[in-house]
Amino acid sequence: MVLMSRARREQIALSWAGWGVLLFVTSFIWSPSRDGLDVVFVLFLFLPLLLVLPWQKPSFNEYGGWINLAALGYAGFATLAVSWGSQSGEWGYFVLHWFVLFFWLCGVCWVFSRQQPDMPRFFNITVIIGVVVAISALIYCYSENPLDYRMIGWSVARYPIVVAQIFGSVAVIAYVLSLQQDQIKRSLVYFLATLILLLPLFFSQSRGPALAFIVVILAALVFIRPSLKILLIHALIGVVLLLPVLLFTDLAQVLTQRGFSWSERDNIWHDVWHLAWQTPWVGSGSLADDHMTIPSGFFHHPHNAWLDIFYRNGLVGLALAVTHLALLLRWFSRDKILLPLYLWLCFGCLCLFTDSRVLFWELNAKWFLYWIPAGLITAMLVSRNRQTQRS
């Protein structure tokens, strides 16, 4: 690699990683397992970026500036927190995933700064893949199970709430695109895609993502202010499609049978909150296996990413994580490219309030809720800044 000219390395890396970004992002929808995410990341992002990132002088702004510095600072502190965790021999695990996060956040910024992304095409491909996988997942689940069964998937989005989070994220993109269209026909295409993408969310019977979707869509209506004609057509189609289902099936009862309950979350949050204040500044320490036994029982995680950060990494780690989010939101925009990304991020953040562990952990489906939209937003900001400097 050192014998290859810099220009040649960049040319190969751009051609390779340019497609790699799209493959990696959409793999959270179509990959059959978490191992598939790792394979796509290594083959289509890590390897091509290895041709350039280690061989050039780091450019602060080109690598995401203060936004990515805050993200990697939080991840670095979480890695350091292994020192005071109960399993201090897990340094390798967290160092490895720090580099995974670095190559994603800085790598996508480098790609977008060198090669202007075609984000409308990017969104369209993501929505199309989402629709195809959603239909196949519905057939996969309900060809063998009754309708009152909480939907599971065949991909990395396997468990009901992860199904809701992944397809809900793509549904947010599709509906925002439908509201942004000037032509009625194009708006209807995206709206019908949204309805298909919402089926896994509702059949999963996951209340947190459903509420998050409603909140984000209401925000989208405020930000975009679509024409009344588009809204009326959407409402009419929704009623026409939904009314026969409600009248002639018991689907409404099936989808609402879980009712409103905290599902032990109130007890989990109460216990973790009080445990966190035992080590409030730096937390109890980072663990690769963060299953926890608390007075309420044994759980996989606290079901709230922000609370888990406070518990594991203390107020210092929480401040770094919140700083990263605040820097992202500082550049919030209503334009047609950034708004879908920002609302996707907002949907993810709301989902993280009700079902997640710490933000910095292994590469898994939860990345689609935070690190993926965060990386794309930062990369778009870098790309636009680069264009401004060139003009």
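Brief remarks on what is shown
- In this structure, ALA81 does satisfy being part of a helix (DSSP H, G or I) and in contact with a Lys or Arg (Cβ under 7 Å, 6 or more places away or on another chain).
- Listed by position, the helices (runs of 4 or more DSSP H) inside region 1-60 whose residues that are of a type outside the set (Phe, Trp, Tyr), under 19 Å from GLY130 (Cβ atoms) and open to solvent by 10 Å² or more (accessible area, probe 1.4 Å) number at least 2 are 6-30, 34-41.
- Per-region count, region 327-349, residues within 22 Å of ARG207 (Cα to Cα) and open to solvent by 10 Å² or more (accessible area, probe 1.4 Å): 2
- Any chance LEU147 is of a type in the set (A, V, I, L, M, F, W, C) and in a helix (DSSP H, G or I): no
- Residues located in region 199-209, provided they are in contact with a helix residue (DSSP H, G or I) (Cβ under 8 Å, 6 or more places away or on another chain) and open to solvent by 20 Å² or more (accessible area, probe 1.4 Å): LEU199, PHE202, PHE203, GLY208
- Subset of region 81-102 [more than 24 Å from VAL170 (Cα to Cα) and open to solvent by less than 20 Å² (accessible area, probe 1.4 Å)]: ALA81, VAL82, GLY85, PHE94
- Close pairs (9 angstrom Cβ cut-off, 6 or more residues apart or separate chains): farther than 18 Å from SER27 by Cα and open to solvent by 20 Å² or more (accessible area, probe 1.4 Å) in region 148-176, among the hydroxyl-bearing types (Ser, Thr, Tyr) and not in a loop (DSSP other than H, G, I, E, B) anywhere: TYR149/TYR142; TYR175/TYR190; TYR175/THR194
- Looking across region 22-42 at every residue that is without any contact (Cβ under 8 Å) to a residue 12 or more places away in the chain and of a type in the set (A, V, I, L, M), the one that is farthest from TRP110 (Cα to Cα) is identified as VAL39.
- Which numbered condition ILE135 fails, given (1) in contact with a Leu (Cβ under 6 Å, 6 or more places away or on another chain); (2) open to solvent by 30 Å² or more (accessible area, probe 1.4 Å): (1)
- Some residue of region 372-387 being outside any helix (DSSP H, G or I), at pLDDT 95 or above and either open to solvent by 10 Å² or more (accessible area, probe 1.4 Å) or touching a Gly at 6+ places or on another chain (Cβ under 9 Å) (or both): no
- Being over 17 Å from the mean Cα position of the chain (by Cα) and either part of a loop (DSSP other than H, G, I, E, B) or at pLDDT 95 or above (or both) is a property that TYR175 lacks.
- The test for being modelled with pLDDT of 95 or more, within 28 Å of PHE353 (Cβ to Cβ) and either among the basic types (Lys, Arg) or part of a helix (DSSP H, G or I) (or both) holds for ALA219.
- Flag for VAL108 being modelled with pLDDT under 95, over 29 Å from ILE237 (Cβ atoms) and open to solvent by less than 10 Å² (accessible area, probe 1.4 Å): no
- Number of residues in region 299-326 that are in contact (Cβ under 8 Å) with a residue 40 or more places away in the chain, β-branched (Val, Ile, Thr) and open to solvent by 40 Å² or more (accessible area, probe 1.4 Å) equals 2.
- Any hit, region 323-346, residues being at pLDDT below 95, outside any loop (DSSP other than H, G, I, E, B) and under 25 Å from ALA81 (Cα atoms): no
- For region 347-362, residues that are at pLDDT 95 or above and within 24 Å of PHE112 (Cβ to Cβ) total 3.
- Hits in region 350-360 (condition: surrounded by 21 or more Cβ atoms within 10 Å (Cβ to Cβ) and in a helix (DSSP H, G or I)): CYS351, LEU352
- Looking across ILE125, ILE67, one residue alone is in contact (Cβ under 8 Å) with a residue 24 or more places away in the chain and surrounded by 21 or more Cβ atoms within 10 Å (Cβ to Cβ). It is ILE67.
- Taking the conditions (1) without any contact (Cβ under 8 Å) to a residue 12 or more places away in the chain; (2) within 24 Å of LEU221 (Cα to Cα); (3) of a type outside the set (D, E, K, R) in turn, HIS291 satisfies each one other than (2).
- Residues that are in contact with a helix residue (DSSP H, G or I) (Cβ under 6 Å, 6 or more places away or on another chain) and β-branched (Val, Ile, Thr) within region 1-24 comprise just one, VAL21.
The values are calculated or read from the model by the stated rules, or taken from the named source; none is laboratory data. Please read these numbers as outputs of a predicted model, since none were measured by experiment. All Cβ positions, even for glycine, are placed from backbone atoms using ideal geometry, and neighbour counts span all protein chains on display. Side chains included, ligands, DNA and RNA excluded: accessible areas come from the protein's heavy atoms. Shrake-Rupley method; radii C 1.70, N 1.55, O 1.52, S 1.80 Å.
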